[in-house]
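These notes concern the structure reproduced below.
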Amino acid sequence: MKILTQLAIVFSICLAAECIAAVLPFTFPSSVIGMILLFFFLLFKFIKKRHIEEVSQFVLKNISFFYIPTAVSIMENVGYLQGYMWQFALICIVSALLTFLATAYTVIGVMKLQEKILAKRRDKNGSDVK
């Protein structure tokens, strides 16, 4: 029952994101809206981490499974890409590198920010005083 509740929370956020994307006057991916909604719900404690933790862990452990439909679709439509294979490969390589770099620098920035916050807390509590 706990898993069903967690799934219901995640799917409700996805449904809300779909509704928001449908009423926007411009095209915007509902998946991105859903991630933003989930971020704000977690940030403002409308949803606690424990409310979606098991479902999230399952999805993260099996994330490669969710790429299978995309790969199959590309294989089925490879005929459309025949004249553009090198451009397609270039786009894949560049986007992978940019994603890697953006992720790496984001992690570095967050780690530095966490270190600053921790240092301020230590200074505030006086635990560094010798």
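We did not get these values from a lab; they are worked out from the coordinates using the rules stated. The structure presented is a predicted model; accordingly, all values stated were derived computationally and were not measured. In this analysis, Cβ positions are derived from the backbone assuming ideal geometry, glycine residues included, and neighbour counts consider all displayed protein chains.
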For Gln114 and Ala22 in the same chain, what is the full-extension length gain: residue separation times 0.36 nm, less their Cα-Cα distance, in nm? 29.4 nm
Calculate, in nm to one decimal, what Trp86 and Lys124 gain on full extension: separation in residues at 0.36 nm each, minus their alpha carbon distance. 8.0 nm
Per principal axis, descending, Cα span of segment 82-130 in whole Å: 69, 13, 6
Val78 and Ser95 label points (each 7 Å along its Cα→Cβ direction) are spaced in nm at 1.8
For helix 30-43, report the angle its Cα long axis makes with the longest principal axis of the Cα atoms of the chain; keep it between 0 and 90° and round to the nearest 10°. 10
Could you tell me what % of all Cα pairs in the chain have separations over 22 Å? 64
When all Cα-Cα pair distances of segment 1-61 are considered, the percent exceeding 16 Å is 47
Dipole magnitude of the chain about its Cα centre, charges +1 at Lys/Arg Cβ and -1 at Asp/Glu Cβ only, in debye to the nearest 20? 900
Along the charge dipole of the chain, Cβ charges K/R +1 and D/E -1, which of Leu118, Gln6, Ile63 sits furthest on the positive end? Leu118
Expressed in angstrom and rounded, the centroid-to-centroid distance over alpha carbons for segment 68-99 and segment 1-29 is 28
What number of lysine-lysine pairs in the chain show an alpha-carbon separation below 16 angstrom, given a sequence spacing of 8 or more or placement on distinct chains? 4
Viscosity 0.692 mPa s, temperature 37 °C, Stokes-Einstein D of segment 32-80 from Kirkwood C-alpha radius, µm²/s: 249
List the relative contact order of the chain as a percent without decimals, with contacts defined as Cα pairs under 8 Å and 6+ residues apart. 18
To the nearest 10 degrees, the tilt of helix 85-125 (Cα long axis) against the first principal axis of the alpha carbons of the chain is 10
